[in-house]
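Below: one structure, written as structure tokens.
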Amino acid sequence: MTAIRKLASQILDVAARHASPEVRDWGTAMRRELDFVESDLAALFWALGSATVLFKHVEVPMSGPSLFERFRTVLAFLWILTTVCMMLFASIKLLYDPTFQLGVGLIQIKGFMGLLTTIPTILCGTVAAVLLWRRRILGAGLLTAYCLFWLLSLIGGVVADWRISHTQHVERQFNVLIYGSAGSLVFLVVVASVASVTVWAWHRASERVQA
Amino acid sequence: MKMRLRKSPQTILVFDEFLQAARDWKYGYDISRSTGLKSGTLYPILMRLAERKVLETRWETPEPGRPPRHMYRLTVDGLRYAREQLLSVSKRAVTRPAFSRVKI
């Protein structure tokens, strides 16, 4: 069996499996006919056409998806977009702007070291989005917590950078943001966010186990 | 029998194919080949016709090593209905010939 024909069979198998009970017999009928289609390409088109017919009869659950389910894909997409955009921005700044620092509170990273922290964050953000989309809530939550930490850290860095470039008392302003009360507040917000996201992830995971 | 079916050109093609050998059972792929209709067009027609009892369906008797195929043929009522439909289409074609609006 060629790869194209195998693909055609798999498409029809999946479509028949997910079709509503009243058309499942028709799905089997279409699948059986597939074996009699001579050319591989014609078989693929046969499978695609049949799958379209079957998917038009897909069973819709009576209760409807929950609010979380409905926005899951949108959330995943937005999350991936935010993480990637912000971390790309940080990477560019860290590479080309020697004064730019990534960090809040006690953490200050710049240059290539900063860049090394942004790349795993992009990857984690991407994996978190995929996990969220695939309903692996615990993993998505933990990775999100990690990404949030670095995203907030980045925001702190951007604010510090802006202050440095907009004041003559660079040292004083910078120290206030990084070590002063404002920096501590930002650091606390980061810790609180990480903790709350982790708790939320555990809660969702335990709900899934109970279900 | 009063039936409300959409008389699309594709449905007429399917009726025509069934009327070639009115009481014979036919396979989906064979109908697709002789009418030129793709599976995505043919099967909704077959499903609709079967739902309205114009078509009867059955599974082939299974033979060892060969999975059964689904077969179709017109019911007695369906046969009459298909003939009426084809007749009305051919009548319409005669009363309204192509280029009838063209004045020479």
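The values are calculated or read from the model by the stated rules, or taken from the named source; none is laboratory data. If you're wondering where the values come from, they're calculated on a predicted model, not measured in any experiment. The accessibility values were calculated without ligands, DNA or RNA, using every heavy atom of the protein model including side chains. Shrake-Rupley method; radii C 1.70, N 1.55, O 1.52, S 1.80 Å.
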Problem - Chain-alone versus full-assembly comparison, region B:22-41, residues with accessible loss of at least 50 Å² (1.4 Å probe) - result: B:Tyr29, B:Ser39
Completion exercise
Ordering A:Cys124, A:Cys85, A:Cys147 by the accessible surface of their heavy atoms, 1.4 Å probe, largest first, yields A:Cys85, A:Cys124, A:Cys147
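How many Å² of accessible surface get buried when B and A come together, counting both sides, probe radius 1.4 Å, rounded to the nearest 100?
It comes to approximately 1600 Å² buried between B and A.
Ordering A:Tyr96, B:Tyr81 from largest to smallest accessible area (1.4 angstrom probe), what's the sequence? Working shown, then result.
Details: A:Tyr96 175, B:Tyr81 15 Å².
Correct descending sequence by accessible area is A:Tyr96, B:Tyr81.
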Practice task
Excluding residues on the same chain fewer than 8 positions from A:Lys56, give the aspartates and glutamates whose Cα lies under 13 Å from its Cα.
Solution key: A:Glu22
Exercise for the section: Please calculate the 1.4 Å probe accessible area of A:Glu33, with all protein chains present, and give it to the nearest 10 Å². Expected result: 0 Å²
